Amino acid sequence: MSKKQNITLAILLSNLFIAFLGIGLVIPVLPTIMNELHISGSVVGYMVAAFAITQLIVSPIAGKLVDNIGRKVMIVAGLFIFGLSEFLFGLGRSIEVLFISRMLGGVSAAFIMPAVTAYIADITTLSQRPKALGYMSAAISTGFIIGPGIGGFLAEYGTRVPFYAAGVLGLIAAIFSLVLLKEPTRAGDKEDTPTSILGSAKRVFSPLYFIPFILIFVLSFGLAAFESLFSLFVDHKFAFTPSDIAIIITGSGIVGALAQLLLFDWLTKKMGEINVIRYSLILSAVLTFAMTIVNHYFAILFVTFFIFVGFDLIRPAVTSYLSKIAGNEQGFVGGMNSMFTSLGNIFGPILGGILFDINLNYPYYFATIVLVIGVILALFWRKPKHIEL
C-alpha cells in the first residue's frame, strides 16, 4: 500500500478504535449508574436492546446513504452522533434520557460501520483488502479490550467522567475526519447502484449475498449468546471472581486481536475467505459445546481463548468476501452486514437468557446448534464463477 493509503487507513482505524474505546469506557460504571438511578437489570437489558434495535432499523437506510451521499459524510456524522450520545448519557438523570442516548448510539454505529467498510474497500485492491479488514476488526477488538480498564481509572474522578471522555473522543475523531479525510474514488464495477431501499432489500435474497448474510447472523448470534452470559455462566457454575472473569475476557480479546493481525491475511491467501469461514465455524461450534463439559480453570481459559480466535477470524473473512463481490454496492453490503449483526445481537442474548434460567448449559447447547447450521450452510457455499476472489 502507498503512503497515502496507509495514512488514510490509519485515520479510519483510529476512528473505529476511538468509537469502540468509548463504548468500552462506560462498562465499569454502568452498575453504579444503575444504583444511582435505581434501575433494574431488566431495564439495562432493554437499553442494550434499544441500541441494537435502532442499529437494525437504521442500517439498511445508512448503507444506502453511504452509496448515495458518500463515505466521508456518513463517518463524520456518525462520530458526531456518537459523541452526542455519550454526553447525553453522562448528563442523563432519567431513564428516558438514557434510552434516547442508547438509541442515538445505535444510529451512530449504523452510520460508521458500513461507511468505514466501504471506504476501505474503495482505497484497497482485492489482494490488499483482507489485510486491511483484518486490521479493522483488530482496531474494534482492541478498543473494546482497553476501554473498560481506562473507564475504571477515569471513574475514580467521577462516575460520569468516562461518558464525557467518550463524548470528547468522538468529537475529536469527527473533527479530524472532517479535516483529513477525502471522499474516495469508488471501488467496483460499472453496474448501476439500486435506486431504492426496497430494491436493495430484495438483493438480500439473491444467491450472491444470501448465505454470507445468514452466516453474519449466525456468527453474531453465537458470539452474543456466548459473551452476554459468560460471566453469569462461570459465576454460577464455577464461582469465578470478577478478576478471574476480567483476566479471561481480556486475554481472549488480546488473543483474538493477534489472530486477526498475524494470521488472517496469511490464512485468506492460503485457503481463501470461504474456507477460513468454514474452519472457523467448525472450531467455534466445537469449543462452544466444550464450554459445557470443561471444569478446570485452565481448560476454561484455553477454550475461551480459542473460541475468540474462531469468532474473530469469521467476521473479517465474511466482510472481505462481501467487499469483493459487492462491486458498486459497497454501502449496501456494509449496511446489511450491520443489520444482520444487530439481529444476532438482539436475539442471541434474549434467547440465551431465557434458556439460562432453565439450565446453565442450555444457551451453549443452543448456540452450538446455530453454529452447526452455519457450518452446514458454509459447506454448501460456492463462490460465484464470474467473480475473481
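Observations, loosely collected:
- Span-like helix ranges in the chain, DSSP H, alpha carbon extent 18 angstrom or more, Kyte mean at least -0.5: 3-25, 41-69, 71-91, 95-123, 129-154, 161-180, 210-238, 242-262, 264-290, 297-325, 330-358, 362-379
- Coarse-grained scattering of the chain at q = 0.06, 0.08, 0.10 Å⁻¹, given as base-10 log I(q)/I(0) from a Debye sum over alpha-carbon atoms: -0.21, -0.38, -0.62
- Helix content alone sets the calculated 222 nm mean residue ellipticity of the chain: runs of n ≥ 4 DSSP H residues at -39500 (n - 2.57) each, divided across all residues, give -28500 deg cm²/dmol.
- Taking the chain and dividing mean pair separation by its residue count, relative contact order in percent (alpha carbons under 8 Å, at least six apart): 27
- Split the accessible area of the stretch 19-136 by element, probe 1.4 Å, and carbon with sulfur accounts for 75%.
- Cα gyration tensor shape for the stretch 1-182, rounded if a/c is under 1.5, else prolate or oblate: prolate
- Heavy-atom accessible area per residue - the stretch 1-182, 1.4 Å, Å²: 40
- Packing-based ranking of 287-298, 336-347, 206-217 yields 336-347, 206-217, 287-298, ordered from highest to lowest mean Cβ neighbour count within 10 Å.
- Pairs of Cα atoms farther than 15 Å apart, the stretch 142-185, %: 55
- Subtracting the Cα-Cα distance of Leu126 and Ile69 from 0.36 nm times their residue separation leaves 18.1 nm of extension gain.
- Spherically averaged projected area in nm², based on the convex hull that wraps the Cα atoms of the stretch 199-383: 10.4
- Model label sites at Ile254 and His38, defined 7 Å from Cα along the beta-carbon direction, differ in position by 4.3 nm.
- The accessible surface of the stretch 243-389, taken with every protein chain in place and a 1.4 Å probe, is 72 percent carbon and sulfur.
The values are calculated or read from the model by the stated rules, or taken from the named source; none is laboratory data. Computed from a predicted structure; not experimentally measured. Neighbour counts are summed over all protein chains in view; Cβ atoms, including those assigned to glycine, are modelled from backbone coordinates with ideal geometry. Areas reflect the complete protein model, heavy atoms only, side chains present, ligands, DNA and RNA absent. Shrake-Rupley method; radii C 1.70, N 1.55, O 1.52, S 1.80 Å.
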